[in-house]
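Asks: Before I ask anything, here is the structure I am working with.
Since every read-out is calculated from the coordinates, none of them should be taken as a lab result. Owing to the predicted nature of the structure, the values given are computational and were not obtained by experimental measurement. Quick reminder, even Gly has a Cβ in these numbers, built from the backbone with ideal geometry, and neighbours come from all protein chains shown.
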Amino acid sequence: LHGKLLKSEAIPFPAKLGSYTFLSWEQLIYTITIPLSTSIILANLVIILGIAWNRQLHNTPNYFFLSLLVADMCTGVALPFIALMGLNRELSFSSCLVAHVFPNFLFLAFLFNLVMVHYERFICIVDPLHYNTLWMHRSFPLTLLVVWVPPLLYACLPAFGWNNWTSPAWDGCCRAIFPNAFIYLEVYGLVLPAILTIAGMTSRVLWITRGQMKEICRLHRAVERGSQASDQEQRMNLRYTRCVAAVSLTFLACWAPYLIYMHVCIAFLMSDTKWSSTTHIVLSCTGIGSMAVVPLVLGLANKQYTEPASKLLQKLRDRWRWRMQESEGTAI
């Protein structure tokens, strides 16, 4: 995915691309990705340290989420290299593999972890009585193997021979590493089904929540013996509406840029049309960056994860105020 989707339209270096233009595109990539990558890494570290610091959070569900945070942090580290995949360069076979296979593995591992976390929370709400008997709770190491090993195996298929390196029509590193069939299989066999699964589980949870809220309102009216909605029911409806709006906007903000980027890349790949690498850089950076924000939204919404960081900031703020007051008293 990502840069390799543009292998048909990428411009070989240095045949069609001047060094100045290439360097300017590299600078654009670093200008966009470095702030995004830094923010993603730091935010994940804050949540990881929050889970590690609080012993009450040392349980299986949070271990799943911790694995997702590690994968998300690795995606943040690889973000600049993912964008660079769209700029074809004359590299050796081993260099091409490292530059393309490793970022792809991190992305797929992140996606598998994200599906696993959503599935675990989905089962917790849909079937809470059998929640603790799930196979993922009985064998946590097996779960880690499921979300990390298959992405690694699939990403390494080009290293096992599924590539175009021996093709006489060499057209850059991307074309040599990733065949069209590999790209289509990843997009429509792995990425899109995973995104649709996450969307389906989220919609199902919201629907169940709506049904439970209606039942609570019905019982409340039976107790109060009133036919009209009370202020408490109106507040519950308003809170649910805000929840649906927040979830919908978050999903659109995090996934829509990536879906647009992915389908635009597939369209140009199928039509074998060249397009601006500047457009590719902007779409790839914003698409991958917005997708990597999903775990951060889930983590920062939980006050237990951010409590240690909040306490540390409060201590630093109190110490700074105390020093300011002390310096003012000394000056007087």
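Asks: Ordered by packing density, taken as the mean number of other Cβ atoms within 10 Å over each peptide's residues, highest first, how do 148-157, 245-254 rank? Present the calculation step by step, with values, prior to reporting the outcome.
Replies: Working: 148-157: 16.6, 245-254: 13.7.
Ranking, from highest mean packing down: 148-157, 245-254.
Asks: ³J(HN,Hα) across the stretch 92-98 via Karplus (A = 6.51, B = -1.76, C = 1.60, θ = phi - 60°), whole Hz, x for Gly/Pro?
Replies: Per-residue couplings from phi come out as 6, 4, 5, 5, 4, 4, 5 Hz.
Asks: Sort 302-313, 208-219 by packing, meaning the average of other beta carbons within 10 Å per residue, with the highest value first.
Replies: On the way: 302-313: 14.5, 208-219: 12.8.
Packing order, densest peptide first, comes out as 302-313, 208-219.
Asks: Using the per-residue mean of other Cβ atoms lying within 10 Å as a proxy for protection, in what order, highest first, do the peptides 186-193, 139-146, 128-135 fall? Before the final figure, lay out each step's value.
Replies: Values: 186-193: 15.2, 139-146: 13.2, 128-135: 10.4.
The most tightly packed comes first, giving 186-193, 139-146, 128-135.
Asks: Further question on the same structure: Separation between the Leu142 and Lys214 pseudo-spin-labels, each 7 Å from Cα along Cα→Cβ, expressed in nm?
Replies: 3.8 nm
Asks: To continue, here is another question. Can you work out the Karplus-derived ³J(HN,Hα) for every residue in the stretch 129-140? Use 6.51 cos²θ - 1.76 cosθ + 1.60 with θ = phi - 60°, whole Hz, and x for glycine or proline.
Replies: 5, 9, 5, 6, 9, 5, 4, 6, 7, 6, 9, 5
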